[in-house]
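**Student:** Please find one structure pasted underneath; my questions will follow.
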Amino acid sequence: MPHKAVVIGAGTAGLVAAAALSLAEPALQVHVLDRDELPQGPENRRGVPQGRHAHLLMAGGLSAMEALFPVSVRDRLLQAGAHEIALGNGMLALTPDGGWFHRWKRSGPHMITCTRALTDWVLRQILLETRANVSVHQASVEGFLGDARHVRGVRLGPEADPGLGRELEADLVVDASGRGSGSLAWLAGIGISGVEEKKIDSGLTNATRIYRIPPGAESFPLTLVQANPYDGRPGRSAMVLPIEGDRWMVSAAGTRGGEPPRDAEGFLRYALDLPHPIIGHLIAGAEPLTDVAVSRGHSTDNNRRYFEKADQWPERLIVLGDALATFNPAYGQGMSVAALGAQVLALELQRHGLTGTGLSRRVLRGAARHVDTAWSTAVGVDVLFPGVVGAQPKAADRVAAWYTNRLTRAATGTYEAASALWDVTSLTAPATRALRPRALFAALTGPALPRRLEPPLQPSEQRILDRLTGAAHRPPTPRPSHTS
């Protein structure tokens, strides 16, 4: 009888987990379960609470996906309209201290920008087109089958496909069901409790609006105004990133006390009032295509479950993606951490097989190492904002923040510092990459190039910005009056 696996969740984490299973065990039957009715195209759905906001697929995550899928995820995303952005010269970014990053001749790592819905849709299409042993079903999970030593499947809700039954036996269960995972309650149902959990909430609110890219502005770089965690005031930031369909996705974010508003006029004013008004100038001259979508609360906090440290852990149960750890979405790490965790799963299965003892522990510990890098980046900043809930900055946090600020400042004008920062934020290297001698020297001595207070625009880009700014400030043309 063929072996069977169940993956809970059909978002990015679930899809890359299914890809890992089918890659490592081609004869394995993989059932992907999701409580949502999945859309027949790249559309938002309720089960992805941050789906309407900005998502970045970092170089480390993309590399893991390329290794897991039999065709190029990068190529398929770009064919579907996604954009590839070079961190070294394809973006404009204002740092917390008011200096702009230099744009280098060397491109550095690349990231992919598009809607989250497009990413999920492309991954699902590739999976179902290329892996005959993978199937996707609408079904909710109500608990685990088995005991504290060994999970042997899942218990399904009454709306599940009758062909699956109410109890779905499996040789391996992967919980990739996201921020709303019921894993703690499901574990309690088989006798496992006391899992350490940490929540750190900066009170972040995300507000996003989609615009049509103005004619002639298609080549304008991704533009980012970063939040300042060092001045004791609420963090306020915004980003304009190109997405499929000749559109800009504009996401504003504010921590507790600095939240962006929901109304269109307030949203524009928020962008104009940032430390530099460039984002406000860009969107004031662009056509809005949607209302402002807002998310806050549980969907934006940092939440880590230390399953890898649990005193008891059953064989044949693995947790990946947001069900393992969630991060403030402003840092764009979630999809990449999920893909890197799935890559660990594939490698462990290839080395030790599906029935090897200790598989679950090894995968959890390997995935946790990638979580560590993203967690230290997100939490190390979030604890500094006023009103944060769940943690207060300690002496070590303040030292790390001081060094991060120094490295970021150096990265505006020293390539070695910029390269270190890119590698860590792209999840292609651990956080210790920022402490290598050249990066350390740059952080301590400061940027080699003069500090720029205005964005480093190419002449063609400056003309685009001038045109949009002028359009935004130009009074509307009066309609001709008709007299009889």
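**Student:** Please report the Cα spread of the range 296-410 along all three principal axes, rounded to whole Å, starting with the longest.
**Tutor:** 48, 31, 26
**Student:** Still on this structure: Given H placed on each backbone N at 1.01 Å, which residues far from Thr115 in sequence or on other chains put an amide H within less than 5 Å of it?
**Tutor:** Distant-sequence amide H within range of Thr115: Glu244.
**Student:** Additional query: Using only the C-alpha atoms of the range 198-301, find the volume of their convex hull and express it per residue in Å³.
**Tutor:** Residue-normalised Cα hull volume stands at 108 Å³.
**Student:** A further question on this structure: Counting each pair of different Cα atoms once, what's the Kirkwood radius of the range 405-461 in Å, rounded to one decimal?
**Tutor:** 11.7 Å
**Student:** Shifting gears a bit: Using the crude model of +1 on Lys and Arg Cβ and -1 on Asp and Glu Cβ, and no other charge, please compute the dipole size for the chain relative to its Cα centre, in debye to 20.
**Tutor:** Dipole size: approximately 1160 debye.
**Student:** Can you say what percent of the DSSP beta bridges in the chain, counting only those with both residues inside, are antiparallel? Round to 5.
**Tutor:** 70 percent
**Student:** I would also like to ask the following. First obtain the Kirkwood hydrodynamic radius of the chain from its Cα pairs, then insert it into the Stokes-Einstein equation at 20 °C and 1.002 mPa s, and state the resulting D in µm² per second as a whole number. Don't jump to the answer; show the numbers that get you there.
**Tutor:** Values: Rh = 23.4 Å.
D = 92 µm²/s.
**Student:** Restricting to DSSP H runs of at least four residues, report the calculated mean residue ellipticity at 222 nm for the chain, -39500 (n - 2.57) per run over all residues, nearest 500 deg cm²/dmol. Spell out each step's value before the answer.
**Tutor:** On the way: 13 runs with 163 residues, N = 484.
Only helices count here, giving -10500 deg cm²/dmol.
**Student:** Say each of Val389 and Glu37 gets a label point 7 Å from the Cα, pointing the same way as Cα to Cβ; how far apart are those two points in nm?
**Tutor:** Modelled inter-label distance: 3.5 nm.
**Student:** Roughly how tilted is helix 116-130, in degrees to the nearest 10 and between 0 and 90, from the longest Cα axis of the chain?
**Tutor:** 40 degrees
**Student:** Right, next: In vacuo Debye scattering of the range 1-146, one point per C-alpha: log10 I(q)/I(0) at q = 0.18, 0.19 Å⁻¹?
**Tutor:** Treating every Cα as an identical point scatterer, log10 I(q)/I(0) equals -1.06, -1.15.
**Student:** Looking at the square roots a ≥ b ≥ c of the eigenvalues of the Cα gyration tensor of the range 161-237, which shape do they give, rounded for a/c under 1.5, prolate if a/b is larger than b/c, or oblate? Working shown, then result.
**Tutor:** Working: a/c = 4.18, a/b = 1.70, b/c = 2.46.
Here the range 161-237 falls in the oblate category.
**Student:** Only sites in a loop by DSSP and with at most 12 other Cβ atoms within 10 Å count here; which trypsin sites (Lys or Arg not before Pro) in the range 101-130 make the cut? Mind dumping the intermediate values first?
**Tutor:** Values: sites: Arg103, Lys105, Arg106, Arg116, Arg124; in loops: Arg103, Lys105, Arg106.
Qualifying residues, ordered by number: Lys105, Arg106.
**Student:** Can you work out the Karplus-derived ³J(HN,Hα) for every residue in the range 278-289? Use 6.51 cos²θ - 1.76 cosθ + 1.60 with θ = phi - 60°, whole Hz, and x for glycine or proline.
**Tutor:** 4, 5, x, 5, 5, 7, 5, x, 10, 8, x, 10
**Student:** Over the range 93-210, consider all pairs of different Cα atoms and compute the Kirkwood hydrodynamic radius from their mean reciprocal separation; express it in Å, one decimal.
**Tutor:** Hydrodynamic radius (Kirkwood, Cα only) of the range 93-210 equals 19.1 Å.
**Student:** What ranking do Lys199, Lys394, Lys4 get, fewest neighbouring Cβ atoms within 10 angstrom at the top? Write down the numbers at each step before the final one.
**Tutor:** Details: Lys199 14, Lys394 10, Lys4 17.
Ascending Cβ contact count within 10 Å gives the list Lys394, Lys199, Lys4.
**Student:** Please pull out the direction-averaged projected area of the range 42-112, using the convex hull of its alpha-carbon atoms, in nm² to one decimal place.
**Tutor:** That works out to 6.6 nm², a quarter of the Cα hull's surface.
**Student:** Right, next: Tell me which residues come under 5 Å, amide H to amide H, from Arg247 once H is placed; ignore anything under 5 positions away on its chain.
**Tutor:** The answer is Ile213.
**Student:** While we're on this one: Using alpha carbons only, what's the Rg to Rh ratio of the range 1-41 with Rh from Kirkwood?
**Tutor:** Working: Rg = 10.9 Å, Rh = 10.8 Å.
My calculation puts Rg/Rh at 1.01.
**Student:** Using a ≥ b ≥ c from the Cα gyration tensor of the range 1-87 (square roots of the eigenvalues), is it rounded, prolate or oblate, where a/c under 1.5 gives rounded and otherwise the larger of a/b and b/c decides, a/b for prolate? Display every interim value, and only then the final one.
**Tutor:** Numbers: a/c = 2.28, a/b = 1.30, b/c = 1.76.
It comes out oblate by the Cα gyration axes.
**Student:** May I pose another question? Counting pairs of alpha carbon atoms under 8 Å apart in space and at least six apart in sequence, what relative contact order in percent does the range 185-258 give? Numbers along the way, then the final one.
**Tutor:** Numbers: 104 pairs, mean separation 25.8, N = 74.
RCO, the range 185-258: 35 percent.
**Student:** If each residue's Cβ is checked for other Cβ atoms within 10 Å, how do Glu84, Glu43 rank with the fewest at the top?
**Tutor:** Glu43, Glu84
**Student:** Further question on the same structure: How high is the relative contact order of the chain, in percent, counting Cα pairs under 8 Å that sit 6 or more residues apart?
**Tutor:** This gives 20 percent for the chain.
**Student:** Let's test this: bin the Cα-Cα distances of the range 362-482 at 5 Å from zero up to the farthest pair and state each bin's percent.
**Tutor:** Taking all Cα pairs of the range 362-482, the binned fractions are 2, 10, 13, 14, 13, 12, 10, 8, 6, 4, 3, 2, 2, 1, 0, 0 percent.
Since every read-out is calculated from the coordinates, none of them should be taken as a lab result. Computed from a predicted model, the values in this text were never measured in an experiment. Cβ coordinates were reconstructed from backbone atoms using ideal geometry, including for glycine residues, and neighbour counts include every protein chain displayed.
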